[in-house]
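Inspection log for the structure reproduced underneath, given as C-alpha cells.
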Amino acid sequence: MATLTHTDALAPIGDKVEAGERLDFEDGVALLESDDLLGLGELADLARRVRGGGDEVYFVQNLYLNQTNVCRVKCKFCAFAATQKQEAAYTITTDELVADALRQREHTGFTEIHMVNGENPHVGFDFYLDTTRALHEAMPDVHLKLYTASEIHHMTKLSGLSHEEVLRELRDAGLGSLPGGGAEVFADRVRRLIAPGKEHPDFWFHTHRTAHALGIPTHCTMLYGHVETYEERVDHWLRLRELQDETGGFLAFIPLAFHPENTVFERRGWKHTTGADDLKMIAVSRLMLDNVPNIKAYWIMMGMPLAQVALHFGANDVQGTVVREEIFHAAGARTETEQKIEELVRFVQAAGRVPVQRDTLYNELHRW
Ligand code: SF4
C-alpha cells in the first residue's frame, strides 16, 4: 500500500481508515475543518479501495423530466417552483409527458427516467399513479426513478393513504426506485431557516425506510453550502448511515451544492460553493458513509472538469448523460444539459479510470 502523505492532523483518522474502522462524529468535524484538501482526497480514495472499490466509474443514460413546477412549499433555496398563478407555472398532462419521453427516446437510448416535481396541491394522487403506469406501459424496459420522499408524503396528504399504501400502489404501477431529494439538511434549525414549509425529516426517513422494506431501493442526498454548520453536515451523514445499517436500501449518496441564483439568497449576495468545498464534500461523504457503495460527483452541478478530479476524492459515479435538467439550471448551473456518452467516456478515461455504463441498479451494461 502506498505511503499516505496527508498532514499530521489527519493521521489518526488515516489509521482508522486503513484499519477499516468506522469514523465517528468528531472525526467527521475534524475532516471538514481540515485545509489539507489533497490529504482528504487521498484518504477518501483509500477508503473507497479499502472497502473493495476498483477503477470503475459508473454512469447511466437517463432522461430528466419535470411534470409540474407548481408547489405549495416555497423552500427558500428553490428557484424551480412556481405558484399556480405565476406565468412560469406549468403542469403537463400524462399523455403529453409520455409523448415527450417517447420522442426523446428516438434520439437517446436512455435506460432510466428521473422525475421530480413541485408539491402541486391542484392535482390528486391519480395524477402520479396514472403517469407512473403510463410511462411504464409505454417503456417497460426503462427504470422509473420517480418522486422524492417529500412528494410521496404529499401524495399521502392528497389521498389519505399511508406512506406504505402510496408506495405499494406506485410500485405496482411501475415505480422502480426513489431519487434522494427532499433531504436538504436534516437538522431542525437548518430546515426552519431554509425550508420552513417542508415536512419534518422524520417523514423523509419513514418514506425511505418503508420503500426499502417494500423492495424499492432509493438514493440519498444533502444540499450543502447555505446556512448549515459542519456539525449539522456530520449529523446528516450519521443519520443516513444509521438507516443504511438497518436496511441497506440506499444505492448512492449525492452531495448537492446550493446554487443561490434566482433564490432569496442571491439578493443577500450569497455565492456559489467553491471547487474546494465541493471536493471536500465528496471526500468526507465517502469517508463517513462507509456503508453506501456509491458516491456521485454530479457533473451537471460541479462541471465535468471538477467531477474528473472528484474521481480521485472518493467518487465512483458521474451520474449520467442527462437529457434536460431544469432544477439546477433554473438556479444558474452553467453546464451543458446533455453530455454525450463519448465525451463522458473521454473524461473518465483521462482521469485514469474505467468508464462503465450501468443501469439504475448498478448492473453493468457496457465497459470501455
Ligand atoms: S424544493 Fe421542492 S418542495 Fe421546496 S419549493 Fe422547490 S419544488 Fe417545492
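The values are calculated or read from the model by the stated rules, or taken from the named source; none is laboratory data. Here the structure is a predicted model, which means the values were calculated and not measured. Glycine gets a Cβ as well: all are built from the backbone with ideal geometry, and neighbour counts include every protein chain shown. Accessible surface is based on the protein model in full, side chains and every heavy atom, while ligands, DNA and RNA are left aside. Shrake-Rupley method; radii C 1.70, N 1.55, O 1.52, S 1.80 Å.
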Practice task
Give me the pairs, please: first residue somewhere in segment 202-222 and more than 13 Å from Ser150 (Cβ to Cβ), second residue anywhere and of a type in the set (Lys, Arg) and buried (at least 18 other Cβ atoms within 10 Å of the Cβ), beta-carbon distance under 8 Å, and either six or more positions apart or on two chains.
Solution key: His219/Lys145; Met222/Arg233
Fill in the blank from the handout: The condition of being open to solvent by less than 40 Å² (accessible area, probe 1.4 Å) and within 30 Å of Val17 (Cβ to Cβ) holds, among Val57, Val142, Val73, only for Val57
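Table: residues versus (1) of a type in the set (A, V, I, L, M, F, W, C); (2) closer than 30 Å to His226 by Cβ.
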| residue | (1), (2) |
| --- | --- |
| Gln84 | no, yes |
| Glu96 | no, no |
| Ala99 | yes, no |
| Thr111 | no, no |
| Asn120 | no, yes |
| Asp126 | no, no |
| Ala138 | yes, no |
| Asp141 | no, no |
| Lys145 | no, yes |
Fill in the blank from the handout: (1) outside any helix (DSSP H, G or I); (2) within 14 Å of the ligand (Cβ to nearest atom); (3) more than 24 Å from Leu31 (Cβ to Cβ) all hold for Gly180 apart from (3)
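Would you say Arg49 is among the charged types (D, E, K, R), modelled with pLDDT of 95 or more and open to solvent by 50 Å² or more (accessible area, probe 1.4 Å)? Reasoning before the result, please.
Values: among the charged types (D, E, K, R): yes; modelled with pLDDT of 95 or more: yes; open to solvent by 50 Å² or more (accessible area, probe 1.4 Å): yes.
Against the criterion (among the charged types (D, E, K, R), modelled with pLDDT of 95 or more and open to solvent by 50 Å² or more (accessible area, probe 1.4 Å)), Arg49 qualifies.
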Exercise for the section: Report whether or not Leu167 is more than 20 Å from Trp237 (Cβ to Cβ), modelled with pLDDT of 95 or more and open to solvent by less than 30 Å² (accessible area, probe 1.4 Å). Expected result: yes
Problem - Failed condition for Arg268, given (1) open to solvent by 40 Å² or more (accessible area, probe 1.4 Å); (2) touching a residue at least 12 places away in the same chain (Cβ under 8 Å); (3) not hydroxyl-bearing (Ser, Thr, Tyr) - result: (2)
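Working carefully through the options His208, His212, find the one that is more than 30 Å from Ile13 (Cα to Cα), at pLDDT 95 or above, surrounded by 23 or more Cβ atoms within 10 Å (Cβ to Cβ) and more than 16 Å from the ligand (Cβ to nearest atom).
The unique qualifying residue is His208.
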Practice task
Could you look through segment 92-139, keep only residues that are among the polar types (S, T, N, Q) and within 16 Å of the ligand (Cβ to nearest atom), and pick out the one that is surrounded by the fewest Cβ atoms within 10 Å (Cβ to Cβ)?
Solution key: Asn120
Practice task
Specify which of the listed residues (Val123, Val98) is in a helix (DSSP H, G or I) and in contact with a Leu (Cβ under 8 Å, 6 or more places away or on another chain).
Solution key: Val98
Completion exercise
Scanning segment 192-205 for residues that are charged (D, E, K, R) and away from the ligand (no atom under 11 Å from the Cβ), the one farthest from Ala257 (Cα to Cα) turns out to be Asp202
Exercise for the section: Given the conditions (1) within 16 Å of the ligand (Cβ to nearest atom); (2) closer than 26 Å to Arg171 by Cα; (3) open to solvent by 10 Å² or more (accessible area, probe 1.4 Å); (4) modelled with pLDDT of 95 or more, report the number of the one that Glu228 does not fulfil. Expected result: (2)
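Counting just the residues of segment 151-169 that are under 27 Å from Ala79 (Cβ atoms) and in contact with a helix residue (DSSP H, G or I) (Cβ under 7 Å, 6 or more places away or on another chain), which one comes out nearest to the ligand (Cβ to nearest atom)?
His153
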Problem - Only listed residue being open to solvent by less than 10 Å² (accessible area, probe 1.4 Å), touching a strand residue (DSSP E or B) at 6+ places or on another chain (Cβ under 7 Å) and at pLDDT below 95, chosen from Val292, Val318 - result: Val318
Fill in the blank from the handout: Of the residues in segment 271-285, those that are open to solvent by 10 Å² or more (accessible area, probe 1.4 Å) and not polar (S, T, N, Q) come to Lys271, His272, Gly275, Ala276, Asp277, Asp278, Leu279, Lys280
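For segment 343-368, what are the residues that are β-branched (Val, Ile, Thr) and closer than 15 Å to Met304 by Cβ? Reasoning before the result, please.
If we filter segment 343-368 for residues that are β-branched (Val, Ile, Thr), which is where we start, we get 345, 348, 354, 356, 360.
Once the filter is applied, which keeps residues that are β-branched (Val, Ile, Thr) and closer than 15 Å to Met304 by Cβ, segment 343-368 yields Val345, Val348.
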Exercise for the section: Looking only at segment 10-21, count how many residues are of a type in the set (A, V, I, L, M, F, W, C) and loosely packed, with under 15 Cβ neighbours inside 10 Å. Expected result: 2
